[in-house]
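Participant: Next up is a structure, given as structure tokens.
The values are calculated or read from the model by the stated rules, or taken from the named source; none is laboratory data. Note that the coordinates shown come from a computational prediction; the quantities given were computed from them, not determined experimentally. In this analysis, Cβ positions are derived from the backbone assuming ideal geometry, glycine residues included, and neighbour counts consider all displayed protein chains. These area figures cover heavy atoms from the full protein model, side chains too; ligands, DNA and RNA do not enter into them. Shrake-Rupley method; radii C 1.70, N 1.55, O 1.52, S 1.80 Å.
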Amino acid sequence: PDRVTILRDRETYELIYRITNYLGGYTYLGSSDVFHLHGLGYDGIRGYSVISLAARSIGVSIAAEQCAEDFFANGAITSGALRHPRQLSNEAKDRMRADLESITKGSGKRWRIPIFEENMEWIGMSMPLRDAQMLEQRKFAVTEIARWFGLPPHKLADLERATFSNIESQSRE
């Protein structure tokens, strides 16, 4: 399949299959000479790559894990911005940023309370994890990855739907 390019005849609109030969050059075959089996796709001709879809699923799971790791590594404090009623110079911004980081970043400093001066206010800029459905995403990731590899979810320690009546059968399986 990696050497086949699907083309369409401009006059008859019939599919033509261009096969790249090992020694160079091409061989062209009509649709009557090719058994074309494709999966679900976007244009009715080419199927989606199952490997790339599985890689995307795994990538989303990795990103969700990284997000959760970053969230808890920052003491469950989400990102935000400071709003000041006036225009600040670059030096003032840098000083305020350094002050805030010195108060909140580092071991044992996560729960120190910053004090904002001159009518400054904190504006949260992160989506709450509840709205991002972080827990649901992390649970679904196990089921989705199990599906790609053809494994029952309990083989990956997903016992959410396990009961006393079916856990024995699952163990024997």
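Participant: Assuming R0 = 45 Å, what is the FRET efficiency of S52 and N166, from their Cβ-Cβ distance, to the nearest 0.05?
Facilitator: Plugging the Cβ-Cβ distance into 1/(1 + (r/R0)^6) gives 0.85.
Participant: Report, ordered by chain and residue number, the lysines lying within cross-link reach of K105, taken as a straight Cα distance under 26 Å and ignoring same-chain residues fewer than 8 apart.
Facilitator: K93
Participant: Taking the highest mean first, how do the peptides 83-89, 146-152, 15-21 order by number of other beta carbon atoms within 10 angstrom per residue?
Facilitator: 15-21, 146-152, 83-89
Participant: What list of whole percents do you get for P(r) of the stretch 1-77, with Cα-Cα distances grouped in 10 Å bins up to the one holding the largest distance?
Facilitator: 15, 29, 21, 14, 11, 8, 1
Participant: At a probe size of 1.4 Å, how large is the accessible area of E136, to the nearest 10 Å²?
Facilitator: E136 has an accessible surface of roughly 110 Å² with all protein chains in place.
Participant: Given points 7 Å out from each Cα along the Cα-Cβ axis, report the V60 to Y22 separation in nanometres with one decimal.
Facilitator: Each label point is offset 7 Å from its Cα along the Cβ direction, giving 4.0 nm.
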